[in-house]
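Data first, discussion second: the structure below is written as structure tokens.
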Amino acid sequence: MGRKLLLEHINVPGINTFDVYRQNGGYRALEKALKTMSSDDIVEEVKKSGLRGRGGAGFPTGMKWSFLAKPEGKARYLVCNADESEPGTFKDRYLMTYIPHLLVEGMIVSSFALGANTSYIYVRGEMMPQIRILEKAIAEAKAAGFLGKNILGSGFDHEVYVQPGGGAYICGEETALIESLEGKRGNPRIKPPFPAISGLYNCPTVVNNVETIAAVVPIVNDSGDEYAKLGIGRSTGTKLISASGNLNKPGVYEIELGVSVEEFIYSDEYCGGIANGKRLKAVVAGGSSVPILPANLILKTANGENRLMTYESLAEGGFATGTMLGSGGFVAFDEDQCIVRNTWNFSRFYHHESCGQCSPCREGTGWMEKVLHRLEYGHGKLSDIDLLVDVSKKIEGNTICPLGDAAAWPVASAIRHFRDEFEWHVTNPKEAMERNFGLAHYADPLPKPEPELSQN
Amino acid sequence: MLNIAQPEEVTFSPELITRFNEIVTRYPEGKQKSALLPILHLVQAEFGWVSAPAMDKVAEYLHIKSIEVYEVATFYTMFFLKPLGKHVLEVCRTGPCCLVGAEKIMKYIEQKLGVKEGEVTPDGLFSWRGVECLAACGMGPVLQIGPEYKFHENLTEAKIDELIDSLRLTTADKPQIS
């Protein structure tokens with residue numbers, strides 16, 4: 001069993017309430033921080049922990065915090081990014097639903113470290129039930145004296161507010177989120193200036209993912225060094241993985257970074273193998289934006305080493321043969337799934353969600369959707385495949401925010417690894433409408449998984 | 001927005017205004033525009049959709065221009081700019097849900113309700129539409145129903161039958177458009 005830091009008490013009945021959370025060691029980090037630590041001490045612990053942003057980019061959190069400008073007489077803000085919208089990702093919903101006080105405690109401790117007297121949790125609007133849960137948790141924390149004026153006699157004042165979004169994937173991008181929180185369309189801003197200098201209301205702002213802020217609690221409790229002992233290399237600590245698709249046990253799992261992909265998919269502790277006795281065809285390992293990999297390349301790197309659930313191991317081989325850990329949205333495809341159809345589906349998503357500011361993204365995502373639609377529905381030409389690669393290349397790197405890249409990568413990687421399936425859609429259009437291409441040469445090369453294999 | 005019949009006038013109840021007032025206190029002075037999204041959600045929960053006169057009223061309340069409300073309401077997909085059924089079934093149509101049968105579920109709902117995506121059933125009770133990823137991929141297929149946005153997970157045809165039947169029975173009600 002891997003060590004759990006965030007979900008250690010998730011099965012305790014009533015852990016969503018203040019009293020039970022408190023009885024299980026909750027708000028210990030807040031007491032420790034406000035009574036015995038300076039804000040610099042906390043930033044130092046977070047730096048030592050090696051914690052990296054859990055929303056997808058994986059940027060070192062301590063470093064992000066240390067960039068925050070501190071001009072005299074100007075408010076600073078912490079904004080929690082709970083706009084969880086990356087297809088395949090549902091860990092933040094889980095955390096907010098079942099252990100909301102962990103996020104509230106993390107918000108207060110992190111705000112103390114950053115010197116922010118007001119913080120906002122920006123929750124996607126569809127998560128109205130989670131918004132109510134958080135509002136209740138905040139009211140409970142306030143009643144206990146952990147929010148408000150002069151918390152625990154420390155002289156630190158703090159209020160946390162919950163803000164609903166309106167249904168827009170782009171608001172997960174931090175500057176779009178800030179725009180949205182200001183009551184505007186979610187159009188990403190041109191950077192610089194970065195939010196650390198000029199963010200919410202033109203004040204210095206840190207935007208962190210739900211899981212990142214929650215992880216500050218065990219870091220303050222146990223120290224950054226202890227946290228850094230978990231994991232491998234620069235992938236320290238634990239990570240929530242959202243597992244979905246054709247798995248026996250989809251759900252949210254807290255893993256110690258470094259578990260092998262094979263163990264994660266096949267062991268009973270985690271996903272319990274592919275559903276309905278089928279074979280694995282492909283995996284999107286870190287949310288829809290990251291490159292899709294065929295089964296053979298997700299289980300082992302091109303060098304034949306076991307692929308591990310770490311930022312580095314998943315990226316091994318670059319985009320030629322690797323992918324990214326991203327947000328930890330782990331989507332498994334069984335042998336009956338159609339890669340062309342899924343790629344069309346993802347392209348439609350990005351076209352729908354493009355904010356429209358940058359032409360390469362606004363137009364390009366629409367072209368890719370159209371071309372993929374005709375490939376999937378039997379009207380494609382062989383030249384369409386290279387056309388898609390060409391369009392994706394012209395979007396990538398040519399937009400204000402990463403949505404362009406996020407739209408380009410799934411298309412480029414699907415063609416890179418499953419080109420024969422795209423060609424088959426063109427050469428056998430009628431057949432492609434009736435049945436799927438199947439596994440071909442990129443199939444999961446392993447025989448029926450045996451438990452001892454995962455011990456390697 | 002232009003082709004939709006709009007109500008002559010919209011009135012916000014004192015209770016609604018009280019809730020607006022509370023929301024505005026969450027932001028620094030002069031930054032009341034931040035309250036726009038939470039307020040639009042309340043307006044939609046009250047009236048079933050966001051009409052042009054309602055948006056004008058919101059603009060007036062927040063001391064901003066009407067266009068600032070229109071541009072926001074048209075950008076975010078959760079706001080309905082025309083009246084829909086009393087219950088709007090929003091089914092996730094993105095990749096991970098499709099791997100576990102979301103497309104079949106949408107077809108079944110279409111056939112069961114007898115109306116196409118975005119239309120309203122003749123009794124005014126139901127609409128349905130596909131929406132993008134609802135961040136519940138491990139429980140797919142999923143759908144949500146506002147204004148509470150209760151989630152219905154691991155959908156099957158039997159569960160859809162049950163859900164629609166139970167919604168038909170709840171008839172207590174305020175009119176859709178006031």
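Going by what's in this entry, would residue B:45 be described as closer than 30 Å to residue B:155 by Cα, under 18 Å from the mean Cα position of the chain (by Cα) and either modelled with pLDDT of 95 or more or more than 10 Å from chain A (Cβ to nearest Cβ) (or both)?
Against the criterion (closer than 30 Å to residue B:155 by Cα, under 18 Å from the mean Cα position of the chain (by Cα) and either modelled with pLDDT of 95 or more or more than 10 Å from chain A (Cβ to nearest Cβ) (or both)), residue B:45 qualifies.
Within the set of pairs 6 or more residues apart or between chains, which connect a residue that is open to solvent by 20 Å² or more (accessible area, probe 1.4 Å) inside region B:135-158 to a residue that is of a type in the set (Ser, Thr, Tyr) with Cβ atoms less than 9 Å apart?
From region B:135-158, the pairs are B:139/A:244; B:157/B:108.
Looking only at region B:104-155, which residues are over 19 Å from residue A:87 (Cα atoms), aliphatic (A, V, I, L, M) and either modelled with pLDDT under 95 or out of contact with any Ser or Thr (no Cβ under 7 Å at 6 or more places or on another chain) (or both)?
Correct list: B:109, B:125, B:145.
Being under 10 Å from the mean Cα position of the chain (by Cα) and buried (at least 21 other Cβ atoms within 10 Å of the Cβ) is the filter; apply it to region B:48-65 and report the residue that is nearest to the other protein chains (Cβ to nearest Cβ).
Of everything passing the filter in region B:48-65, B:50 is nearest to the other protein chains (Cβ to nearest Cβ).
When you look at residue A:3, is it touching an Asp or Glu at 6+ places or on another chain (Cβ under 8 Å) and on the phi < 0 side of the Ramachandran plot, yes or no?
Yes; evaluated as a whole, the condition is true for this residue.
For region A:131-143, indicate whether the set of residues that are touching a residue at least 60 places away in the same chain (Cβ under 8 Å), within 14 Å of another protein chain (Cβ to nearest Cβ) and over 20 Å from the mean Cα position of the chain (by Cα) is non-empty.
Scanning region A:131-143, I find at least one residue that is touching a residue at least 60 places away in the same chain (Cβ under 8 Å), within 14 Å of another protein chain (Cβ to nearest Cβ) and over 20 Å from the mean Cα position of the chain (by Cα), so the answer is yes.
Answer with yes or no whether residue A:265 is part of a strand (DSSP E or B), touching a strand residue (DSSP E or B) at 6+ places or on another chain (Cβ under 7 Å) and within 22 Å of residue A:58 (Cβ to Cβ).
Judged against the criteria, residue A:265 is not a match.
Looking at region A:422-445, can you tell me whether even one residue there is within 30 Å of residue A:186 (Cα to Cα), crowded, with 18+ Cβ neighbours inside 10 Å and modelled with pLDDT of 95 or more?
no
Take the residues in region A:279-312 that are among the small types (Gly, Ala, Ser) and touching a residue at least 40 places away in the same chain (Cβ under 8 Å), then tell me which one is farthest from residue A:396 (Cα to Cα).
Filtering region A:279-312 for residues that are among the small types (Gly, Ala, Ser) and touching a residue at least 40 places away in the same chain (Cβ under 8 Å), the one farthest from residue A:396 (Cα to Cα) comes out as A:295.
Can residue A:67 be described as open to solvent by 50 Å² or more (accessible area, probe 1.4 Å) and not basic (Lys, Arg)?
Criteria met by residue A:67.
Among the residues of region A:184-217, how many are part of a loop (DSSP other than H, G, I, E, B), out of contact with any strand residue (DSSP E or B) (no Cβ under 8 Å at 6 or more places or on another chain) and surrounded by 24 or more Cβ atoms within 10 Å (Cβ to Cβ)?
1
Of the conditions (1) assigned to a helix (DSSP H, G or I); (2) on the phi > 0 side of the Ramachandran plot; (3) within 14 Å of chain B (Cβ to nearest Cβ), residue A:167 fails just one. Which one is it?
Unmet for residue A:167, out of (1) assigned to a helix (DSSP H, G or I); (2) on the phi > 0 side of the Ramachandran plot; (3) within 14 Å of chain B (Cβ to nearest Cβ): (1).
Return the residues of region A:103-128 that are open to solvent by 10 Å² or more (accessible area, probe 1.4 Å) and under 23 Å from residue A:24 (Cβ atoms); say none if nothing qualifies.
A:112
Modelled with pLDDT of 95 or more, away from every other protein chain (no Cβ under 14 Å) and within 20 Å of the chain's Cα centre (by Cα): does that describe residue A:237?
For residue A:237, the condition - modelled with pLDDT of 95 or more, away from every other protein chain (no Cβ under 14 Å) and within 20 Å of the chain's Cα centre (by Cα) - is met.
Within region B:27-47, how many residues turn out to be open to solvent by 40 Å² or more (accessible area, probe 1.4 Å) and either under 13 Å from residue B:82 (Cα atoms) or assigned to a loop (DSSP other than H, G, I, E, B) (or both)?
The qualifying residues number 4.
Being closer than 24 Å to residue A:253 by Cβ and assigned to a loop (DSSP other than H, G, I, E, B) is the filter; apply it to region A:317-335 and report the residue that is modelled with the lowest pLDDT.
A:335
So which pairs qualify, if the first residue must be in region A:21-45 and outside any helix (DSSP H, G or I), the second must be of a type in the set (Gly, Ala, Ser), the Cβ gap must be under 8 Å, and the two must be at least 6 apart or on different chains?
Once the first residue is outside any helix (DSSP H, G or I) and sits in region A:21-45, its partners that are of a type in the set (Gly, Ala, Ser) give A:27/A:141; A:27/A:144.
Here are some residues: A:120, A:94. Which one is outside any helix (DSSP H, G or I), within 16 Å of residue A:209 (Cβ to Cβ) and either at pLDDT 95 or above or touching a helix residue (DSSP H, G or I) at 6+ places or on another chain (Cβ under 7 Å) (or both)?
Exactly one of A:120, A:94 is outside any helix (DSSP H, G or I), within 16 Å of residue A:209 (Cβ to Cβ) and either at pLDDT 95 or above or touching a helix residue (DSSP H, G or I) at 6+ places or on another chain (Cβ under 7 Å) (or both), namely A:120.
Restricting to region A:240-262, and then to whatever is free of Cβ contacts under 8 Å to residues at least 24 places away in the same chain and not in a strand (DSSP E or B), can you tell me which residue is nearest to the other protein chains (Cβ to nearest Cβ)?
Among those that are free of Cβ contacts under 8 Å to residues at least 24 places away in the same chain and not in a strand (DSSP E or B), it is A:250.
Here's the yes/no breakdown for (1) in contact (Cβ under 8 Å) with a residue 60 or more places away in the chain; (2) surrounded by 18 or more Cβ atoms within 10 Å (Cβ to Cβ); (3) of a type in the set (Gly, Ala, Ser); (4) within 30 Å of residue A:335 (Cβ to Cβ):
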site	(1), (2), (3), (4)
B:67	no, no, no, no
B:101	no, no, yes, yes
B:118	no, no, yes, no
B:124	no, no, yes, no
B:162	no, no, no, no
B:169	no, no, no, no
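Just name the residue that is most open to solvent (accessible area, probe 1.4 Å) out of those in region A:70-102 that are β-branched (Val, Ile, Thr) and over 17 Å from residue A:207 (Cβ atoms).
A:97
Residues A:333, A:319: which one is among the aromatic types (Phe, Trp, Tyr) and within 10 Å of chain B (Cβ to nearest Cβ)?
Residue meeting the stated conditions: A:333.
The values are calculated or read from the model by the stated rules, or taken from the named source; none is laboratory data. Nothing here was measured: the structure is a model prediction, and the numbers come from that model. Neighbour counts are summed over all protein chains in view; Cβ atoms, including those assigned to glycine, are modelled from backbone coordinates with ideal geometry. These area figures cover heavy atoms from the full protein model, side chains too; ligands, DNA and RNA do not enter into them. Shrake-Rupley method; radii C 1.70, N 1.55, O 1.52, S 1.80 Å.
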